[in-house]
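J.: Right, I'll just put the structure down here and ask away after.
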Amino acid sequence: MRKLVAWQGGSPFLVDDLGSGSGLICLHGLGGGSYFFAGLSKSLINSRRVLSFDLPGTGFNLDTVEAFSIDACVDATVEMIDQVSPEPVALLGHSMGAIVALKAYAKRQEKVNGLIFVGGLPEAIPSIKKKLIQRIEQIGELGMSGIGEKVMPAIFAEETLSARRQLVAMYQRMLEMNTEESYIQSVRALVDASAYEDIESISVPCLVITGMEDLYASPFDVKAFADTIPSQVSTEIFEGCGHMIFYEDPTRFNESVDAFLQSLDNVWEFTYGDDN
């Protein structure tokens, strides 16, 4: 169900809240929305409470703040963690959402029992930052209605682009429905964002996933990120996928996330379960 949630950072924002049990809060990336996780939510509905929302300043939550910022996204996520508590909660961040997840975890370490990073890094690599800055210039020339076609080859794997045109066209249209102002604000925030200083605080199990053809979070860069995490880490590289793994290989993606969450449940029960 979709509901309004009050928070201290701005106007009440809409949250998709589905299922019951231990919580999973999902955070989307640049230009995306809570709809990224609709399939995952349905697949976990009998075992998990999945919460997702358009980040403040985007989508259905466009007018909840004066302007998009990483800080506002973190504050909203922290509010959601507090509302789910005292039940254990895991955070899943896709792309830019990985930065938000890292920063939110740093503020609520005691309430989070696992982290999942999907096509995400603590900071965009220099070559991607350069392309994102160029994208702002392109939007100034083309508007949002022309940017999607230029972005798609960097989003999806080659096989997806050639054999699943309906999927590509759907996401292209959804991307282009972002307002120019909101999207540009999001791009600038991502270019300036870094969560490297938050990595050292991680003490919970982590799952790191990326696509073999992901240009934003390549297997090389993701493995380097995973090596810096001081806690237990599982790394999965999906063949035939680019940056949109949950669309390109949804079955394996949902199964991987589910298996990881079940492992967290086992640890939680062992640590906090009945001693009798």
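J.: Multiplying the sequence separation of T228 and V191 by 0.36 nm and subtracting their Cα-Cα distance, what value in nm do you get?
T.: Values: separation 37, 0.36 × 37 = 13.32 nm, distance 2.12 nm.
The span from T228 to V191 would gain 11.2 nm if fully extended.
J.: Here's a follow-up. Taking only Cα atoms and a 10 Å spring cutoff, compute GNM fluctuations for the chain and point out the largest among I209, I99, I125.
T.: Evaluated over the chain, the most mobile residue of the options is I125.
J.: With charges only on Cβ, +1 for K and R and -1 for D and E, what is the dipole size of the chain about its Cα centre, in debye, rounded to 20?
T.: On the way: 20 positive and 38 negative charges, 99 e Å.
Roughly 480 debye for the chain.
J.: Going toward the positive end of the dipole of the chain, with +1 on Lys and Arg Cβ and -1 on Asp and Glu Cβ, which of A101, G10, N113 do you reach last?
T.: Positive-end residue among those listed: G10.
J.: On to the next question. Can you show me the helix-derived [θ] at 222 nm for the chain, built from DSSP H runs with n ≥ 4 at -39,500 (n - 2.57) apiece and divided by the number of residues, rounded to the nearest 500.
T.: Numbers: 12 runs with 134 residues, N = 276.
That calculation yields -15000 deg cm²/dmol at 222 nm.
J.: Out of the DSSP beta bridges found with both residues in the chain, what percent are antiparallel (nearest 5)? Before the final figure, lay out the partial values.
T.: Details: 9 of 34 bridges.
If I count the DSSP bridges inside the chain, around 25 percent turn out antiparallel.
J.: Can you compute 3J(HN,Hα) from phi for each residue in the stretch 158-164, using the Karplus curve 6.51 cos²θ - 1.76 cosθ + 1.60 with θ = phi - 60°, rounded to whole Hz and x for Gly and Pro?
T.: My calculation for the stretch 158-164 gives 4, 5, 5, 4, 8, 10, 10 Hz in order.
J.: Could I ask something else about it? Among the lysines, which have Cα under 24 Å from the Cα of K223 when same-chain residues fewer than 8 positions away are ignored?
T.: Straight-line reach from K223, under 24 Å: K103, K129, K130, K131.
J.: For the stretch 39-46, just list the computed ³J(HN,Hα) in residue order, Karplus coefficients 6.51, -1.76 and 1.60, θ = phi - 60°, integers in Hz, with x standing in for Gly and Pro.
T.: Those phi angles translate into x, 5, 4, 5, 5, 9, 4, 8 Hz.
J.: Oh, and also: Just name one of M144, Q134, P88: the one whose Cα is farthest towards the positive end of the charge dipole of the stretch 59-152 (beta-carbon charges, Lys/Arg +1, Asp/Glu -1).
T.: Value computed over the given set: Q134.
J.: Using the Cα centre of the stretch 110-247 as the reference point, and only Cβ charges (+1 on K/R, -1 on D/E), how large is the resulting charge dipole? Debye, rounded to the nearest 20. Don't jump to the answer; show the numbers that get you there.
T.: Working: 11 positive and 20 negative charges, 66 e Å.
Roughly 320 debye for the stretch 110-247.
J.: Rank these for me by crowding, C73, C206, C26, going from fewest to most other beta carbons within 10 Å.
T.: Numbers: C73 30, C206 22, C26 26.
If I rank by nearby Cβ atoms, fewest first, I get C206, C26, C73.
J.: I would also like to ask the following. Using a Gaussian network model of the chain whose springs link C-alpha atoms within less than 10 Å, name the residue from G33, G143, G120 with the highest mean-square fluctuation.
T.: G143
J.: Residue farthest toward the positive end of the dipole of the chain, with Cβ of Lys/Arg at +1 and Asp/Glu at -1: which of T251, Y171, L30?
T.: Of T251, Y171, L30, it is Y171.
J.: Computed over the Cα atoms of the stretch 30-76, what is the convex hull's projected area averaged over all directions, in nm²? Walk me through the numbers before you get to the answer.
T.: Working: hull surface 14.3 nm².
Approximately 3.6 nm², given one-decimal rounding.
J.: Along its three principal axes, how long is the stretch 80-180 when you only count alpha carbons? Whole Å, largest extent first please.
T.: 47, 30, 24
J.: Roughly how many whole Å is it from the C-alpha centroid of the stretch 223-242 to that of the stretch 37-90?
T.: 23 Å
J.: With charges only on Cβ, +1 for K and R and -1 for D and E, what is the dipole size of the stretch 214-271 about its Cα centre, in debye, rounded to 20?
T.: Numbers: 2 positive and 11 negative charges, 28 e Å.
So the dipole magnitude of the stretch 214-271 works out to roughly 140 debye.
J.: To continue, here is another question. Given 0.36 nm per residue, what is the gain on full extension from I125 to E110 after removing their alpha carbon distance, in nm? Before the final figure, lay out the partial values.
T.: Values: separation 15, 0.36 × 15 = 5.40 nm, distance 2.99 nm.
My answer for the length gained is 2.4 nm.
J.: Kindly put I81, I237 in sequence by how many other C-beta atoms sit within 10 Å of each C-beta, fewest to most.
T.: Working: I81 21, I237 15.
With the fewest neighbours first, I81, I237 line up as I237, I81.
J.: In whole Å and largest first, what semi-axes does the C-alpha gyration tensor of the stretch 211-259 yield when each eigenvalue is scaled by 5 and square-rooted?
T.: Values: eigenvalues 72, 45, 8 Å².
Equivalent-ellipsoid dimensions as semi-axes: 19, 15, 6 Å.
J.: Going by amide H atoms built from the backbone, whose H comes under 5 Å of the H on A90, apart from near neighbours?
T.: For A90, whose amide H was placed from the backbone, the distant partners under 5 Å are G23, L24, I25, N113.
J.: Next up: So if I restrict to the alpha-carbon atoms in the stretch 128-227, what is the Rg, and what is Dmax, the biggest pairwise distance, in Å?
T.: Rg and Dmax of the stretch 128-227, Cα atoms, are 15.8, 46 Å.
J.: Looking only at P126, P230, P88, which one moves most when the chain is put into a Gaussian network model with springs between Cα atoms under 10 Å?
T.: P126
Laboratory data are not the source of any read-out in this text; all were calculated from the coordinates shown. Keep in mind that this is a model prediction, so the values were computed, not measured. Glycine gets a Cβ as well: all are built from the backbone with ideal geometry, and neighbour counts include every protein chain shown.
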